[in-house]
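Take a look at the structure set out below.
The values are calculated or read from the model by the stated rules, or taken from the named source; none is laboratory data. Computed from a predicted structure; not experimentally measured. In this analysis, Cβ positions are derived from the backbone assuming ideal geometry, glycine residues included, and neighbour counts consider all displayed protein chains. Note: accessible area is taken over every heavy atom of the protein model, side chains too, but ligands, DNA and RNA are not part of it. Shrake-Rupley method; radii C 1.70, N 1.55, O 1.52, S 1.80 Å.
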Amino acid sequence: MHTENFAHKLKHPVFKVVSQIISEKGLEAYVIGGFVRDLLLERPSKDIDIVVVGNGMELAQAAGEKLRVKKVNLFKNFGTAQFNYKDLDVEFVGARRESYQRDSRKPIVEDGTLSDDQKRRDFTINALALDLRDETFGNLIDPFNGLTDLEKGILRTPLDPNTTYSDDPLRMMRAVRFATQLDFQIELASLQAILDNSTRLEIISQERILDELNKIILAKKPSRGFELLNTTKLLHQFFPEMIALHGVETRDGKSHKDNFYHTLEVLDNVALHSDNLWLRWAAILHDIAKPPTKRFDQQVGWTFHGHEELGARMVPKIFARMRLPLDHKMKYVQKLVRLHLRPISLVKSNVTDSAVRRLLFEAGDDIDDLMTLCNADITSKNEFKVKKYKKNFELVVEKLKAVEEKDHVRNFQPPVSGDLIMETFNLKPCGEIGIIKSRIKEAILEGEIPNDFETAKKLMLQIGEELGLKVNIEN
C-alpha cells in the first residue's frame, strides 16, 4: 500500500477550506475517485467528489458559506450535496456501504467508513483517495494498489470482478469506456467476468448504456472500444445490426471484406478529422444494411445493391431503440447514410454537371461532412487501390468546387416562390404551384437555365401558359 503524499497537487481553495472546517469539527473527509485519478494522470477534471465520514450535507453547507457560493444543492434522499465554485462542480457525499439485489443496480445504502466506500468503487484507479485532514493533508489512501494499476495502465476491480459487474452491470460498459479513453488494458480476470456477465446488461436502462457508448464513440480511437464490446459480447446485447456486419463469406473463390472491421476503420478515419458525434454515428451506420442486401452474382461476386437506401430507412428504427434523438441529428445521419456512395460515383470522367448539382442540392450544408465520410470510407489492404481511389476522390472535390462556384446550388431555394406564382396567376393553393416550382428546380439542376430570378420568372410565365393559366393583369 502506497503512503505517498500529493499535497502539492491540492492547490485549489476548495481543499483548503474543507480541510479547515473538518479540522475544527474533528471530522474525516477525503477527495476520491475520478478527480484523484485524473490529477495523477495529469488530465483535466472539473468534477470533485468529496467523501465525508458522517454528514456530507452539513460539510457542504459550511464549505459553501466560506467560499461564498450562491447556492448549495441538497439531495436529502441520497445524503449528498453539490455546488458550483468557479469552473468546478463539487459534490459531497457521506461514506457508504452498499448491498445489491439481483434484479436492480440500485443498492441498499448504509452509512460506512472510508474503507467501505472504497470497496464499492468500480475500479482500483477510481478508489484512490487523498486525505483532507490537516495533519495528514494530501496523503494517498490506496488499499487496492490503484496507483500501481494507474502507472501500468491496467483496469482492475477492487473486489471479485464477478461481484462488481453482477452488482452493477453498467460497470462493464464503464470498463470498456475507460480502457478506450485512457488506452488501458482490462485485466484478464475482469475481461472474463464481463463476458460471463454480459447478459446482465438487460437490467440497465438504454439511456445509461447509450451515455457510455457515446463516450466510447467520442474517444480518440473508438475502434478499440468496439473491439472490446464485441469480444466481451456486450455489443450483442444492444446492437445486433452491428454484430451482423461481422464475418467473411467466400464462394467460388470470391470473398467480401469483413464489414465490421471495415466500419471500425472508417470510424477511426472520421475520428482523425472530426469530433462531431453525429458524423461518427454516420460512419458506424453507413454500411449497416449490407447484411440484408448481400447477394452473390456469378459474374461479379458479392453485391450489396441498395444498402445505402435500406440503411437510411434503418436509421430511425435504430435511433428509436437506442434512445438516440429523433430530431435533426437523426435526419443528418440518415442523409449521410443515404448519400455516402454518391460522391465516389461522380469519378467517371463523363459525369455531367447536372449530377454534381443534384448532389450539392441534396447534401446542402452537409456536403463537407459527406465528403469527410466518403474519404474515410476508402479502406483496403491494397495500398495501390487506396492511392488510386484517393486520387479519384480529389477529382470529385475539384468538380464539386467548380460547379458550386459557377451555379451556387448548395441549399438553393428556387428563385421563384410559391407566393409569387399565386400572385402572378391569381391562384389559391393548388397542384399547379408545385408543378411550376419543380419544373423550375429541375431546369436549374439540369443546367437548362441559370440560377437567377429573371430567367426563372420567364420560365414560370412560359410554364403557366402551357398549363393554361391566366396572368393576373393587376400584378
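When region 180-200 is filtered for residues that are open to solvent by 20 Å² or more (accessible area, probe 1.4 Å) and among the β-branched types (V, I, T), only T199 remains.
Hey, any hits in region 440-458 for a residue that's in contact with a Gly (Cβ under 8 Å, 6 or more places away or on another chain), under 19 Å from I473 (Cα atoms) and surrounded by 13 or more Cβ atoms within 10 Å (Cβ to Cβ)? The answer is no; no qualifying residue exists. From the list I435, I421, the one residue that fits, being open to solvent by 50 Å² or more (accessible area, probe 1.4 Å), of a type in the set (A, V, I, L, M, F, W, C) and either modelled with pLDDT of 90 or more or on the phi > 0 side of the Ramachandran plot (or both), is I435.
Selection over region 52-73 of residues that are more than 15 Å from L132 (Cβ to Cβ) and in contact with a Ser or Thr (Cβ under 8 Å, 6 or more places away or on another chain) gives a count of 1.
Residue-by-condition table, conditions (1) of a type outside the set (K, R); (2) in contact with a helix residue (DSSP H, G or I) (Cβ under 9 Å, 6 or more places away or on another chain):
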{"position": "N197", "(1), (2)": "yes, yes"}
{"position": "K220", "(1), (2)": "no, yes"}
{"position": "R224", "(1), (2)": "no, yes"}
{"position": "Q237", "(1), (2)": "yes, yes"}
{"position": "E241", "(1), (2)": "yes, yes"}
{"position": "G247", "(1), (2)": "yes, yes"}
{"position": "T250", "(1), (2)": "yes, no"}
{"position": "N259", "(1), (2)": "yes, yes"}
{"position": "H273", "(1), (2)": "yes, yes"}
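For V471, the test of being over 30 Å from D258 (Cβ atoms), without any contact (Cβ under 8 Å) to a residue 60 or more places away in the chain and assigned to a loop (DSSP other than H, G, I, E, B) is passed. Report, by residue number, each residue of region 287-314 that is in contact with a helix residue (DSSP H, G or I) (Cβ under 9 Å, 6 or more places away or on another chain), touching a residue at least 24 places away in the same chain (Cβ under 8 Å), open to solvent by 40 Å² or more (accessible area, probe 1.4 Å) and not in a helix (DSSP H, G or I). Of everything in region 287-314, just one residue is in contact with a helix residue (DSSP H, G or I) (Cβ under 9 Å, 6 or more places away or on another chain), touching a residue at least 24 places away in the same chain (Cβ under 8 Å), open to solvent by 40 Å² or more (accessible area, probe 1.4 Å) and not in a helix (DSSP H, G or I), namely K294.
Cβ-Cβ contacts under 9 Å between residues 6 or more apart (or on different chains), taken from a first residue in region 206-234 that is under 23 Å from A193 (Cβ atoms) and basic (K, R) to a second residue that is open to solvent by less than 80 Å² (accessible area, probe 1.4 Å) and not in a helix (DSSP H, G or I), are listed as R208/R105.
Within region 145-195, the set of residues being aromatic (F, W, Y) and touching a Gly at 6+ places or on another chain (Cβ under 6 Å) comprises just one member, F184. Scanning region 132-181 for residues that are on the phi < 0 side of the Ramachandran plot and small (G, A, S) yields G146, S166, A175, A179. All told, N426 falls short of being surrounded by fewer than 18 Cβ atoms within 10 Å (Cβ to Cβ), more than 30 Å from D368 (Cα to Cα) and at pLDDT below 90. Would you mind stating whether V93 is modelled with pLDDT under 95, hydrophobic (A, V, I, L, M, F, W, C) and out of contact with any Cys (no Cβ under 8 Å at 6 or more places or on another chain)? Yes: the conditions hold for V93.
Scan region 63-85 for residues that are surrounded by 20 or more Cβ atoms within 10 Å (Cβ to Cβ) and touching a helix residue (DSSP H, G or I) at 6+ places or on another chain (Cβ under 7 Å) and the total you get is 3.
What are the residues in region 6-28 that are in a helix (DSSP H, G or I), among the charged types (D, E, K, R) and either open to solvent by less than 60 Å² (accessible area, probe 1.4 Å) or under 23 Å from D87 (Cα atoms) (or both), if any?
Within region 6-28, K9, K16 meet the criteria.
Scanning region 158-189 for residues being in a helix (DSSP H, G or I) and among the charged types (D, E, K, R) gives a total of 4.
The criterion of being open to solvent by 20 Å² or more (accessible area, probe 1.4 Å) and farther than 23 Å from L114 by Cα holds for R177. Right, D275: on the phi > 0 side of the Ramachandran plot, surrounded by fewer than 17 Cβ atoms within 10 Å (Cβ to Cβ) and charged (D, E, K, R) or not? No, not satisfied. Screening I449 on (1) in a loop (DSSP other than H, G, I, E, B); (2) aliphatic (A, V, I, L, M); (3) in contact (Cβ under 8 Å) with a residue 40 or more places away in the chain shows it passes everything except condition (3). Look through region 385-405, keep the residues that are open to solvent by less than 100 Å² (accessible area, probe 1.4 Å) and of a type in the set (A, V, I, L, M, F, W, C), and return whichever of them is farthest from T352 (Cα to Cα). Looking at residues that are open to solvent by less than 100 Å² (accessible area, probe 1.4 Å) and of a type in the set (A, V, I, L, M, F, W, C), I get V386. Checking each residue in region 366-384 for being among the charged types (D, E, K, R), modelled with pLDDT of 80 or more and surrounded by fewer than 17 Cβ atoms within 10 Å (Cβ to Cβ) picks out D368, E383. Within region 37-60, the presence of at least one residue that is open to solvent by less than 40 Å² (accessible area, probe 1.4 Å), over 23 Å from S115 (Cα atoms) and at pLDDT 90 or above is confirmed.
Scanning region 86-137 for residues that are out of contact with any Asp or Glu (no Cβ under 7 Å at 6 or more places or on another chain), in a strand (DSSP E or B), surrounded by fewer than 18 Cβ atoms within 10 Å (Cβ to Cβ) and among the acidic types (D, E) gives E98, E110, D111.
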